[in-house]
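Below you'll find the structure, written out as structure tokens, and then a few comments.
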Amino acid sequence: MTALPSPDPHLRRQLDGVRGLLLDLDGVLVLRNALIPGAVEALARLDAAAIPYLLATNISLVSRATLSRELGRAGLSIPADRIVSAPSAAAAYARRQFVDQPIYVLVAPDARAEFGGQKLLSHSEAAQPGARAAAVVIGDAGDEFTPRNVQTAFTLLRGGARFVAMHKNRWWLTPAGAMLDSGAYVAALEFGTQKRALVTGKPSRTFFGEGLRLLGAMLGAGPAARLAPAEVAMVGDDLWNDIRGAQKAGLRGVFVRSGKHGDVELARAASERGGGPPDAVAPSIAEVVAALTG
């Protein structure tokens, strides 16, 4: 077991008033499928201190149930109902907006489980001449990104379907290195259809709103359960999807140096028009939790 570091007084002051956390996965708890030192202990400390937290991830290849099982095998015990993901946020949005209407979800088969109870068109049904959909939802479809399926999405969008993207991530880190993410397909469809996708994953307000809703539900009923956005911190390694997205939604953004972005990106994000520094910067999740609970 890795002991958490002593609380940093400066970081503790920066986190004053934080009552709940959204935690990114890649770069915060794991990196290239390996646990980040102190991650397990940090979650245990949060549980002991009764500080509610959710895993908040743009991973869209799998459902929350599958992700929870995979994390359990890796040593992280995070139940599915303590995860808000790009697929779960997209499914919640679709459930509200397209009641009893057909939608075409182009995502990996396992992640389609998040859309249980909704009217989903199969690839074959969606490709039929004259097929119509209320919405096309794009996530990380892996091998499902065939020319036929992408063309089907294009045709449905041209036919009037609303365009929903789980996220627009450009790339992500894997054991094999940087891999192209589904944002490239979303960009291609936006270009071809001249329609801008509504993003329901990070960095959208829709995603962070869903995270706030779930955190509040964890606290139960009553005024004390109401979390103001400024009482929640998003801890992430991505200065745009995690930090800036959270700040634009009214949350605090806590940047950790344990993932893909470093000093170069930190300086660029702070100097960009409409940008600014994170609310706090820490080496890793271990220091964040030590400051919050120490």
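Look through the stretch 31-56, keep the residues that are at pLDDT 95 or above and within 25 Å of ALA141 (Cα to Cα), and return whichever of them is farthest from the chain's Cα centre (by Cα).
LEU54
Quick check, is VAL289 at pLDDT 95 or above, open to solvent by less than 30 Å² (accessible area, probe 1.4 Å), within 19 Å of VAL18 (Cα to Cα) and among the β-branched types (Val, Ile, Thr)?
Here the answer is yes, as VAL289 does meet what is asked.
Just give me the residues in the stretch 99-123 being buried (at least 19 other Cβ atoms within 10 Å of the Cβ), closer than 18 Å to THR200 by Cβ and not acidic (Asp, Glu), in sequence order.
Answer for the stretch 99-123, where residues must be buried (at least 19 other Cβ atoms within 10 Å of the Cβ), closer than 18 Å to THR200 by Cβ and not acidic (Asp, Glu): ILE103, TYR104, VAL105, LEU106, VAL107, ALA108, ALA111, ARG112, PHE115.
Within the stretch 270-289, restricting attention to residues that are touching a residue at least 12 places away in the same chain (Cβ under 8 Å) and among the charged types (D, E, K, R), which residue is nearest to VAL232 (Cα to Cα)?
ASP279
Taking LEU266 and the conditions (1) in a loop (DSSP other than H, G, I, E, B); (2) open to solvent by 30 Å² or more (accessible area, probe 1.4 Å), which numbered condition does it fall short on, given that it satisfies the others?
All conditions pass for LEU266, except number (1).
Only one residue in GLY159, GLY183 is open to solvent by less than 50 Å² (accessible area, probe 1.4 Å) and more than 25 Å from SER258 (Cβ to Cβ). Which one?
Answer to the check: GLY159.
Mind checking which residues of the stretch 193-244 are in contact with a Gly (Cβ under 6 Å, 6 or more places away or on another chain), under 15 Å from ALA89 (Cβ atoms) and open to solvent by 10 Å² or more (accessible area, probe 1.4 Å)?
Across the stretch 193-244, the qualifying residue is only PRO203.
Does at least one position in the stretch 251-262 carry a residue that is open to solvent by less than 60 Å² (accessible area, probe 1.4 Å), in contact (Cβ under 8 Å) with a residue 60 or more places away in the chain, touching a strand residue (DSSP E or B) at 6+ places or on another chain (Cβ under 9 Å) and part of a helix (DSSP H, G or I)?
The answer is no; no qualifying residue exists.
Specify which of the listed residues (VAL40, VAL62) is aliphatic (A, V, I, L, M), at negative phi, open to solvent by 20 Å² or more (accessible area, probe 1.4 Å) and in contact with a strand residue (DSSP E or B) (Cβ under 9 Å, 6 or more places away or on another chain).
Selected residue: VAL62, the only one of VAL40, VAL62 that is aliphatic (A, V, I, L, M), at negative phi, open to solvent by 20 Å² or more (accessible area, probe 1.4 Å) and in contact with a strand residue (DSSP E or B) (Cβ under 9 Å, 6 or more places away or on another chain).
Please identify the pairs in which a residue from the stretch 124-153 that is open to solvent by 30 Å² or more (accessible area, probe 1.4 Å) has its Cβ atom under 7 Å from the Cβ atom of a residue that is assigned to a strand (DSSP E or B), counting only partners at least 6 apart or on another chain.
GLU144/LEU106
The values are calculated or read from the model by the stated rules, or taken from the named source; none is laboratory data. Not measured: the values here are computed from a predicted model. Note that each Cβ is placed from the backbone with ideal geometry, even for glycine, and that neighbours are counted across all protein chains shown. Accessible surface is based on the protein model in full, side chains and every heavy atom, while ligands, DNA and RNA are left aside. Shrake-Rupley method; radii C 1.70, N 1.55, O 1.52, S 1.80 Å.
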